[in-house]
Structure formats: structure tokens, C-alpha cells
Amino acid sequence: MSNNPRRVALSIINDVLNNNAYANIALNEKIKSENLTELDKNLVTTLVYGTISKKLTLDWYTKPYVKKTKKWVKNLLAMTVYQIVYMDRIPTSAAVDEAVKIAKKQGDQRLSGFVNGVLRNFTRSDLPSFDEISDSTQKLSIQYSMPIELTKKFIQNFGFDKTVKIFKSIEEPSKASLRVNTSLTDVTTEFNKLAKEFEVSLSEIAPTGIVAPSGHFSDLLDFNDGLITIQDESSQLVATVLDAQPSDKILDACAAPGGKTVHIAEYLSEKGHIEALDLYDHKLRLIQQNAERLHQIDKISLTKLDARKAFETFGPDHFDKILVDAPCSGIGLIRRKPDIRYRKEITDFDALQEIQLEILDNTCKTLLSSGIMVYSTCTIFDEENYQVIEKFLAKHPEFEQIPLTHERSDLVKNGCIFITPDAYQTDGFFIAKLRKK
């Protein structure tokens, strides 16, 4: 395949929308395998994330001109309309011509004529207004390209106005979010160093966090040396809540890719230790790489194990503290991972809750008396958060909830830390703390 950036972008979009590939993984693999300039890599990235995050809106724009066609043709039209509507620097004629060339190469003469006709009709007409959609939920779904069932779910959970705020915030670009490895340096030193090169500010919510509008921080020497790492601000709060003491024995039940594991390890002495579990070898390798780069591998053991079998492996009264960063729908990550919204399995909240409760039920039995268990997710729906805690406590009277506090009181709800993506432009996140009586 030629290294035409639009063809590369289309192949990734097809892979994500037609074959359920993960956008970030598909994009990284494709960019590595193609001979692209830096400028072309940026164009591919913009086209992939832009088209995927706006797919329902883009399909709505072309709907009057398309009756039925192949999936890849719909994706090509969406990608081209994205350039016309949202990318000022690309001339409309160039976007249309490139689309026709791609259609010729991918299909037959008839399809390239069809693509040309649809795009010419679209560019000659005025852009339709979302106000034409009379149903308010449908309008929200189309305007923010959020599947209708998920839109209804947001409204049911948060009400209409808050849903609009969340959807608007998800459309804004992600910040670059760094965590300082305070076992090797301190936040002020690192901030002053980065400020010479980048537009940085201290995190409003995480004491170890530094944020920037953008930047390739993984290329920096300080990243390779383990002085900083890339971790969202909301996720950095987990280690603070767990409050590891130097000699604690800790279980990290669902540890990959290891950001929180390594952060917790930074507070341990050589007497402390973390048992990090994951189901897959390649994910355990990620934890290992993270831990080695941040100079914490000596305090971490890696075990390939389903967290629902932790008790059978470790037995009772084994750990001082447990972190269950549970598998979840990941709804809080949509800003950075726009393809999450189209995945069918994420809306099966009952099945997810069942897994979350099974992990808590099993791991809690390995905790010492007066031990602490922290439960966290990167989702913002009650079924995976507050309901899980309620059901767990109802079944386990030997546990009690410890109410959390934060200097930003708007992050605390019902004794838990609960962050929606619109509050501080972070990932959506939930943290609860429990104690064995």
C-alpha cells in the first residue's frame, strides 16, 4: 500500500469501525509500518481520531445523499466530510479529489463516480443545522456523535444539562498529564525544568501531577530516566487514597499497565512489597517495563492470575492493603479513546458489575484485620461505582466505608472521589475506600 496519509488513515478507520480494533493500538502499529513523514503522521492521527469521534455526526451530514453503500465507502465519505467541515487548512477540492482517487484504487469506476457525486452534492448545499432534529435526545446523540442508547444512559445518570456539559468537554482535546516520581525527584524541581521548554502548569487535583496542553513527553530524557511518567491526574489520586506505609504488603489485583502499581511502590521501603496480578503475559510485561523504567521493580512481584482466584493463591490474613482497579466500561476515557463509545460490550453493565463484585468478594478474604481496600474505576456510571460498593457492603458486614476528603470538595460525593470529565478536563474516575473492621 502506498504511503498516502489518507489511505493509511482510512485503513485504520475501517479496522476500528468494521473489525472492532482499538484505535490507539491500530494507529500506532500502522504508523510504525508505513513510511510517513512527521507531517503525514500528524495528518493520519487527526483524521483517525477526528473521524471516529464524529462518525455519527458525519454520517448524518451525508445521509440525504447516500441510500446504501459499502461500509468502507461510508467511512471514506465520513473521513472526507470531516476534512471539509472541521479542518480549515485543507481545501475542499483537495479533500474531494483525494477521496475520488482512493475510491478508484479501492473499488471500481462506478464507486469513484458515486463518491464524487455525493461529495459534490454535499459541498454545494448548506450545512444542515442540528436544530432540524426535533427529539432532544436524538439531537444530542447526533450533535456529539454518541450512540443513542449511551446518550439515554448519560441523561438517566446525570440529567440533561450535565450530560451536555460532559459531551462538550469530551470534544475538547486531551491534556498531556505527567506524574513526577517523587522517590527520585520533587515536583517543583521537575516543574521548573519542564517550564523552560513547555507550557506547563501544576495539576489542580493531584499533588504529584504536572499538565500541559500538548507535547511528546515520552521522548524526554527525564521520562527514560524514570523521573516522570505519563498518567492522568485523576488516576494519580489512587495511590494517595491507598496511603501505603513503608513496610506494607499490598495486593494490586488488576494491575496492568502498572501506572498505579509503580506509583504505590514509590511510597514503600525495601521492607514493603506489592503483589501485582494480571491475566495476560503481554500486560505483565507492560507492568515490568514501567516498574523498571521508574526504578521500582525490586518492590513488585508479577503474577499471572485471575483476581477472582486471589484467595485460593494467597490465603487469609495476607495483605495490609488491597487495590482493586476493576475492569470496567472505561466510559471516563472517551476523550482519549473515542472508539469506546461504539463498543457493544461496554453497555453490558450488569455483566461488568458481576465481575467487579466477584473480584472484591474474593480478594477481600486475603486482607488482614483493620486492613484497607481501595476500589477504583475509570467509569462514571453508578452501576459500576456506587452500586458495587453498596452491594459489597451489604454482603460483607465485616467491612465499613471510610469517607474520603479532597481539598477540592466538588470531587467528593457520598464519601467517594468522583470526577466527571467536564470538571477538570481529566479522565472520568471513581475511588472508594473500605476497611476491614
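The values are calculated or read from the model by the stated rules, or taken from the named source; none is laboratory data. Remember, predicted model here, so these are calculated numbers, not experimental data. Here the Cβ positions follow ideal geometry from the backbone for every residue, glycine too, while neighbour counts run over all protein chains shown. Areas reflect the complete protein model, heavy atoms only, side chains present, ligands, DNA and RNA absent. Shrake-Rupley method; radii C 1.70, N 1.55, O 1.52, S 1.80 Å.
Restricting the calculation to alpha carbons of region 28-77 gives Rg and Dmax of 13.5, 38 angstrom.
What is the angle, in °, between the Cα long axis of helix 349-363 and the longest principal axis of the Cα atoms in the chain? Nearest 10 is fine, range 0 to 90. Approximately 20 degrees, to the nearest ten. Close amide H contacts of residue 425 (hydrogens built in the peptide plane, cut-off under 5 Å, sequence separation of 5 or more or a different chain): none are found.
When volume of the Cα convex hull per residue in Å³ is computed from the coordinates, the matching label among (1) 189; (2) 141; (3) 151 is (3). Projecting the Cα atoms of 367, 393, 356 onto the charge dipole of region 339-402 (Cβ charges, centred on the Cα centre) puts 367 farthest toward the positive pole. Ellipsoid semi-axes for region 255-310, based on the Cα gyration tensor and the rule √(5λ), read 18, 13, 8 Å when sorted largest first. Accessible surface area normalised per residue over region 312-437 is 39 Å², counting heavy atoms of protein chains with a 1.4 Å rolling probe.
Bridge orientation summary for the chain: considering DSSP beta bridges with both residues in this region, about 55 percent are antiparallel.
Taken over the C-alpha atoms, region 2-47 has Rg and Dmax values of 9.6, 27 angstrom. Using only Cα atoms, figure out Rg for region 132-277 and give it as a multiple of 2.2 N^0.38 Å. In units of the 2.2 N^0.38 Å rule of thumb, it is 1.34.
Straight-line reach from residue 165: taking Cα to Cα under 22 Å and skipping same-chain neighbours fewer than 8 places apart, the lysines in range are 54, 55, 139, 152, 153, 175, 337, 413. With an a/c value under 1.5 for the gyration tensor axes a ≥ b ≥ c computed over the alpha-carbon atoms, region 1-110 is described as rounded.
Distant-in-sequence amide contacts of residue 181, defined by a placed amide H-H separation under 5 Å and a gap of 5 or more residues or a different chain, comprise 228, 229.
Taking one quarter of the surface of the C-alpha convex hull of region 338-437 gives a mean projected area of 7.0 nm². Calculated on the Cα set of region 204-310, radius of gyration then Dmax: 13.8, 42 Å. Okay, helix-only estimate at 222 nm for the chain: each DSSP H run of n ≥ 4 adds -39500 (n - 2.57), divide by all residues, round to 500 deg cm²/dmol; what do you get? One gets -14000 deg cm²/dmol as the mean residue ellipticity at 222 nm.
Against the chain, whose longest principal axis is taken from its Cα atoms, helix 109-124 shows a tilt of about 90°. Computed as a quarter of the hull surface, the mean projected area of the alpha carbon convex hull for region 383-432 stands at 3.6 nm².
Once you have a ≥ b ≥ c as the square roots of the Cα gyration tensor eigenvalues for region 351-409, tell me rounded if a/c is under 1.5, and otherwise prolate or oblate according to whether a/b is larger than b/c. It comes out oblate by the Cα gyration axes. Once you have a ≥ b ≥ c as the square roots of the Cα gyration tensor eigenvalues for region 229-378, tell me rounded if a/c is under 1.5, and otherwise prolate or oblate according to whether a/b is larger than b/c. Oblate, since a/c reaches 1.5 and b/c is not below a/b.
When a 1.4 Å probe is rolled over the protein heavy atoms, the share of accessible surface on region 158-217 that falls to carbon and sulfur comes to 54 percent. Eigenvalues of the alpha-carbon gyration tensor of region 47-165, scaled by 5 and square-rooted, set the equivalent ellipsoid semi-axes at 29, 14, 13 angstrom, largest first. For region 21-29, putting each phi into the Karplus relation 6.51 cos²θ - 1.76 cosθ + 1.60 with θ = phi - 60° gives couplings of 5, 8, 4, 5, 6, 4, 5, 4, 5 Hz, in residue order, rounded to whole numbers and with x for Gly and Pro. Helix 71-86 axis versus longest C-alpha principal axis of the chain: approximately 90°, rounded to the nearest ten. A cut-off under 10 angstrom between Cβ atoms defines the neighbours of residue 372, and their net charge, with Lys, Arg +1 and Asp, Glu -1, is +1. If you wrap the tightest convex hull around every Cα atom of region 101-179 and split its volume per residue, you get 193 Å³. With the highest mean first, a sort of the peptides 163-170, 36-43 on other beta-carbon atoms found within 10 angstrom per residue produces 163-170, 36-43. The mean accessible area for residues of region 52-116, using a 1.4 Å probe and ignoring ligands and nucleic acids, is 53 Å² per residue. As I understand it, the dipole of region 148-233 uses +1 on the Cβ of Lys and Arg and -1 on the Cβ of Asp and Glu, about the Cα centre. Which of 211, 192, 157 lies farthest toward its positive end? The one lying farthest along the dipole's positive direction is 157.
Taking amide H as placed 1.01 Å from N in the peptide plane, the amide H of residue 274 sits under 5 Å from that of 250, 300, 301, each at least 5 places away or on another chain.
Note on region 137-213: Rg/Rh from Cα positions, Kirkwood definition for Rh, rounded to two decimals, is 1.21.
For residue 358, what charge total do you get from the other residues with a beta carbon under 11 Å from its beta carbon, if Lys and Arg give +1 and Asp and Glu give -1? Combined, the nearby Lys, Arg, Asp and Glu give -1.
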